[in-house]
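Accompanying notes for the structure given below.
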Amino acid sequence: MFAGMRVQDSGQGELTRTESSLQDFFGRGEVFVRQLIAENERLRSELTRTDPDRTGLPEATTASVMESLVARITELEAEATAARSGAGNSAAVAEQAQRIDQLENENYHLASMYVAGLQFHSARSLPDVIQTITEILLNFVGIGAFTVFVLDEERHVLFPLAREGGDIDACNEVPSNDNGPITAMIHRGRPWTRGDPAYADDVAIMYLPLVSNRRLVAVLRLETFLAQKPVFEDNDYSLLSMISEHAGIAIETAWIRAHAKAVALQRQAVEHLVGA
């Protein structure tokens, strides 16, 4: 139903990390930070105005966090430039090339984190959130098949809302009190972070909780990697942690915006919002 933007490749099916795309990310950094600051303030004001008596409003990513990401990217670019200009003899070339590759990898990871955070905070509707999840999992994490389950709080089940790499009609509802990974995630009541259980089973390489204000709102069932990616890489875990926290906040924010008040999640209403 939601066909995510797939990574463009050069015939090898590999995730692209071209110099031009990175420069495009970094060149927009200062503008993105200003936009994010304004968007954070707007979202907080809107939630407060919509539901002034609600406590524990979801925290948006602070401007200082995003500013630090951009500052770190700038530092890494300067270091990479210095490394290139300092490669003066053949003995140093291999070492400098290795260091440049490390810097570019870190640049790419920071750019991925930065773009992911920006996209979640700019999402204004549930379809926007689903689209952002899809793009990040496909393009940055390398997940080829996954299903988005949303919690129906009145019926105590999770229902499939969107699927990539498979038929959504083949997915059934999942009880939230099955004493399995779903129940465990509800009891934990917080976003997934590195070191937490992966909640894997025979049909999923990982279940990822999407949480807002200690409230589980949805679950991502990560089913298979893209063909060219056999396992998670180290940088993937910070992206998964970001998705776990910021997608949950984005879903709740879109839900409140659509209803002008805090109400329980319910399948029929959620599907109506996304046109399912």
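The values are calculated or read from the model by the stated rules, or taken from the named source; none is laboratory data. Note that the structure is a prediction, hence the values are computed from the model and not measured. Virtual Cβ from ideal backbone geometry, glycine too; neighbours counted across all protein chains shown. Areas reflect the complete protein model, heavy atoms only, side chains present, ligands, DNA and RNA absent. Shrake-Rupley method; radii C 1.70, N 1.55, O 1.52, S 1.80 Å.
Some notes on this structure:
- Test: residue in the stretch 202-223 that is in contact with a Pro (Cβ under 8 Å, 6 or more places away or on another chain), among the hydroxyl-bearing types (Ser, Thr, Tyr) and under 17 Å from Pro160 (Cβ atoms): yes
- Scanning the stretch 128-165 for residues that are over 15 Å from Leu210 (Cα atoms), aliphatic (A, V, I, L, M) and in contact with a Leu (Cβ under 7 Å, 6 or more places away or on another chain) yields Val141, Ile143.
- Filtering the stretch 236-261 to residues that are open to solvent by 60 Å² or more (accessible area, probe 1.4 Å) and at pLDDT below 85 leaves His259, Ala260, Lys261.
- Within the option set Leu110, Leu103, Leu76, Leu69, being at pLDDT 70 or above and crowded, with 16+ Cβ neighbours inside 10 Å holds for one residue only, Leu110.
- Every residue from the stretch 199-223 that is surrounded by 14 or more Cβ atoms within 10 Å (Cβ to Cβ), touching a helix residue (DSSP H, G or I) at 6+ places or on another chain (Cβ under 9 Å) and assigned to a loop (DSSP other than H, G, I, E, B): Tyr199, Asn213
- Taking each residue of the stretch 175-189 that is closer than 13 Å to Phe149 by Cα and looking for partners that are of a type in the set (Gly, Ala, Ser) with beta-carbon atoms closer than 8 Å, six or more apart or interchain, yields Ile182/Ser176.
- Qualifying residue in the stretch 132-144 (condition: open to solvent by 40 Å² or more (accessible area, probe 1.4 Å), among the small types (Gly, Ala, Ser), over 22 Å from Ala250 (Cα atoms) and touching a residue at least 24 places away in the same chain (Cβ under 8 Å)): no
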